[in-house]
1. How far is B:Pro115 from the same spot in each other copy, in nm, shortest first, if each label point sits 7 Å from Cα toward Cβ?
2. Extension gain B:Arg99-B:Ile74, at 0.36 nm per residue separation less the Cα-Cα distance, in nm?
3. If the label for A:Arg99 sits 7 angstrom from Cα along the Cα-to-Cβ line, what are its distances to the same label in every other copy, in nm to one decimal, shortest first?
4. Taking chain A as a Gaussian network, Cα atoms linked when under 10 Å apart, which of A:Gln90, A:Gln58, A:Gln112 shows the biggest mean-square fluctuation?
5. Under a plain spin-label model, where a point goes 7 Å from the Cα along Cα-to-Cβ, how far apart in nm are A:Asp128 and B:Asn29?
6. Relative contact order of segment B:3-136, please, whole-number percent, based on alpha carbon pairs below 8 angstrom and at least 6 residues apart.
7. For chain B, set up a Gaussian network in which alpha carbons nearer than 10 Å are linked by springs, and say which option among B:Arg42, B:Arg61, B:Arg116 fluctuates the most.
8. Label points 7 Å out from Cα along the Cβ direction at B:Arg116 and B:Ala141: separation in nm?
Protein chains: 2
Amino acid sequence: MDKAEVDERLAADSYPITELPLCQLRLMNDTRYPWLLLIPRRRGVSEVFDLDEADQQQLWREASRIGRAFKAMIGADKLNLASLGNVVPQLHVHLVLRREGDAAWPGPVWGQGSPRPYDLDELAAMRDRVLALVEGLALEAQES
Amino acid sequence: MDKAEVDERLAADSYPITELPLCQLRLMNDTRYPWLLLIPRRRGVSEVFDLDEADQQQLWREASRIGRAFKAMIGADKLNLASLGNVVPQLHVHLVLRREGDAAWPGPVWGQGSPRPYDLDELAAMRDRVLALVEGLALEAQES
């Protein structure tokens, strides 16, 4: 996905990790929560139901498999999975790992306080961990 | 779905509308936002990825089709679709219609202010509208 195809606010708040079959996978630059974004490579799409049925299935396949593996890797209490889009209309799905007692617990993470950015070493380390995780998953539609 | 199978907090905050192929459909008792809940009739399930693949596809089919029709019926600006579960572990998916300038806009609706309950006439009217909407959709897996 070309950088220009990602909404500039999403691009400013997150780092690209890799391209999945449908989505660009990004890491939100906020150490308060392990937080991934899935952005389908489709133009002019704002709602999940704007995608065709096959793309919807693929989006949820990527979200579900990465969400499960990410939760297991980090050891969180709950996955928050959401498509909101009140601020940024470009369709994006949040995968946020929550722990009891985290900065917003038990409330939602959006709009609460200020992000605490990763330093560059932490960022590279988390990116490598997520990349390794994704490589172990079968994300292509025909492999499901 | 037996009343006893719905978490008592979800049951206290929402009204049953109908049973879909997978989920019980409920209306959140909060006139600030047109807000539906989908609760899969599966025991011991907290995360979307705890469902098997067929159930996951059916959950998103129900969420997507109802979300699209509900948004068109009400005329909202954005659908917020989310599975959070920080407070109530029983798997439930929120379909919240948002309008610019609504009580929480552009923030998330969860944990913001106090619900404004429907009166009984409003409740019956909204329930009838949503029931009519659902009857016009093809929600069975084999019809997709």
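Only the coordinates and a few stated rules stand behind these numbers; no lab work does. Keep in mind the model is a prediction, meaning the values are calculated, not measured. Cβ atoms come from the backbone with ideal geometry, glycine included; neighbour counts cover every protein chain shown.
1. Label-point separations across copies, in nm and ascending: 3.3.
2. Details: separation 25, 0.36 × 25 = 9.00 nm, distance 1.01 nm.
Taking 0.36 nm per residue and subtracting the Cα distance, the gain is 8.0 nm.
3. Label-point distances to the other copies, shortest first: 4.2 nm.
4. A:Gln112
5. In this crude spin-label approximation the distance works out to 5.4 nm.
6. Details: 176 pairs, mean separation 35.8, N = 134.
Reported relative contact order: 27 percent.
7. The residue with the greatest mean-square fluctuation here is B:Arg116.
8. Distance between the two pseudo-spin positions: 4.2 nm.
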